[in-house]
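The values are calculated or read from the model by the stated rules, or taken from the named source; none is laboratory data. Not measured: the values here are computed from a predicted model. Neighbour counts are summed over all protein chains in view; Cβ atoms, including those assigned to glycine, are modelled from backbone coordinates with ideal geometry. When the accessible area is computed, the model is the full protein with side chains, heavy atoms only, and any ligands, DNA or RNA have been set aside. Shrake-Rupley method; radii C 1.70, N 1.55, O 1.52, S 1.80 Å.
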Amino acid sequence: MTEAERSKFDYDLFVIGTGPGGEGAAMQAAKGGWRVGVAERYRQIGGGCTHWGTIPSKALRYAVTSTMKSLKNPVMRELGFTVAPTMEQLGRGTQTIIGRQVSMRQSFYDRNNVPVHRGQARFVDEHTIRVDNGETITAAHFVISTGSRPYRPAGVDFSHPRIFDSDTILDMKERPSSITVYGAGVIGTEYASMFRNLGIKVNLINTRAQLLEFLDDEIIDALSYHLRDQGVIIRHNEHFDRIEGHSDGVVLYLKSGKVLKTDVFLWANGRQGNTDDLGLQNLPIEANNRGQIDVDEQFQTCLPHIYAVGDVIGIPSLASAAYTQGRAAGMHMLGQCSGNLRLHDIPTGIYTSPEISSVGATEKELTAQCVPYEVGQAQFRSLARAQITGETVGMLKLLFHRESKRILGVHCFGANASEIVHIGQAIMNQPDEHNTIEYFIETTFNYPTMAEAYRVAALNGINRLF
Ligand SMILES: Cc1cc2nc3c(=O)[nH]c(=O)nc-3n(C[C@H](O)[C@H](O)[C@H](O)COP(=O)(O)OP(=O)(O)OC[C@H]3O[C@@H](n4cnc5c(N)ncnc54)[C@H](O)[C@@H]3O)c2cc1C
């Protein structure tokens, strides 16, 4: 569309939703000189990411792990610090971080002259939306970045004060002594781990045969071992029959005949795209039964001037990916090349204890593809830095091509795994001949560091070659 054609509309681009997907698109287009507006129905900008997803869950996890760690410290015990924090105290800390995020992110919209229209936005036709504050707005292009919410099955009473989903769990006022987490995806497993760290008895119910099947097998084994070692009861291949909320607890009846009763219950099984109240019936765009919208490689829907990014298009459903997708959509509509954005190179970060992170292929995938690969490993317990900090649980595993020595996958668990993995990702993404494990053998690392794990793992791998 030419500039003259775009000028007939109120905006060149209108974005629905201010999570990472919407922010990425809005900022990219605004910096490209376009007139951009956004709509947000929540009282503050930032999206589910800031208010009930990534940020509060990670802030809560940090508060839990750091306070519980210091409570175990003999000096702190000697000083009389023995009481675990209340949910109210933990919640207050989380709100402080959310507040900082909101004011920082609001400044991005202000500095880039992107007005935020408050209210629920719905399409009226292909170029018009109506916001429920009464405004009608036209735009040449749109980005749908309305995110997702927990899927709520019929027959579960989410209004019961002891039954939560991942959006409402942050409002839990009392610290329970036991919890059942139903659903062992990333969100369920992270919350199970966090509650266990708080000293709460945890049942983790998995509808599948393994935890987080998309991870490397050894990492899955390590996670299962450590969660069980900490006291989490994990049950695989289970499905609920019914869930009953009572005044003194919640009873979960499983199809296998097992019955579990805990103080509270967290439903963490599946998510639903936020498309049901978006006026899609006025467009040829259809959402699937999970509320998700189909897009092409450029994030365009079947209407090329309407893009969709983030959770509303389905996997990987990560804040990190949503932001990059938003930027890519913005670049595409500006006619810029988004080829350098590495949209398919999305690392996984899972904030359990131990933390997990990986990028690239798993052994399962390489074996299925008959790729001749070798493995190099470094156990954290053999690193001086880990011995000093006492964080000796963990491993870095490099998968590399036997002949070219190209790095094919980086898998890590243990303290700061989600940071450590990016060193491997950076080298993996170098042009051929510079993306091999030899880089780690030839490089001098600060000593003592966790980064040294790369040299140890690379040497371990090279020594396996014959
Ligand atoms: C408990 C939990 C932990 C998570 N942890 C991580 C993590 O550690 N790392 C990670 O990368 N990801 C994590 N995620 C996932 C991450 O939060 C999402 O992938 C991310 O928020 C998706 O961004 P988005 O922009 O698509 O949508 P969102 O962030 O959900 O934003 C969508 C926005 O659109 C608004 N909206 C919706 N419909 C309308 C409408 N019609 N009109 C106006 N506004 C509308 C909503 O109010 C919301 O503000 C976690 C998620 C959860 C639930």
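Scanning region 31-41 for residues that are more than 14 Å from the ligand (Cβ to nearest atom) and surrounded by fewer than 22 Cβ atoms within 10 Å (Cβ to Cβ) returns Lys31, Gly32, Gly33, Trp34, Arg35. Selection of helices (runs of 4 or more DSSP H) fully inside region 1-71 by the criterion of at least 1 residues being closer than 24 Å to Thr168 by Cβ returns 20-31, 47-51. The set of residues in region 218-245 being free of Cβ contacts under 8 Å to residues at least 12 places away in the same chain and over 21 Å from Tyr351 (Cβ atoms) consists of Glu244 alone. Restricting Glu365, Glu391 to residues that are over 14 Å from His411 (Cβ atoms), among the charged types (D, E, K, R) and open to solvent by 50 Å² or more (accessible area, probe 1.4 Å) narrows the list to Glu391. Identify all residues within region 198-250 that are in a loop (DSSP other than H, G, I, E, B) and of a type in the set (Val, Ile, Thr); write none if there are none. Passing the criteria: Ile200, Thr207, Val232. Residues of region 268-295 that are within 12 Å of the ligand (Cβ to nearest atom) and either within 30 Å of Gly249 (Cα to Cα) or surrounded by fewer than 15 Cβ atoms within 10 Å (Cβ to Cβ) (or both): Ala268, Gly270, Arg271, Gln272, Asp276, Asp277. One residue stands out in region 144-190 among those that are within 11 Å of the ligand (Cβ to nearest atom), farther than 21 Å from Tyr323 by Cβ and among the hydrophobic types (A, V, I, L, M, F, W, C): the one that is least open to solvent (accessible area, probe 1.4 Å), namely Ile169. Restricting attention to region 336-378, the residues being assigned to a strand (DSSP E or B), among the hydrophobic types (A, V, I, L, M, F, W, C) and over 23 Å from Tyr323 (Cβ atoms) number 2. So is Gln44 more than 11 Å from the ligand (Cβ to nearest atom) and modelled with pLDDT of 95 or more or not? Spelling it out, it is not the case that Gln44 is more than 11 Å from the ligand (Cβ to nearest atom) and modelled with pLDDT of 95 or more.
Of all the listed residues (Ala384, Ala319, Ala308), the sole one being surrounded by fewer than 15 Cβ atoms within 10 Å (Cβ to Cβ) and either at positive phi or modelled with pLDDT of 95 or more (or both) is Ala384.
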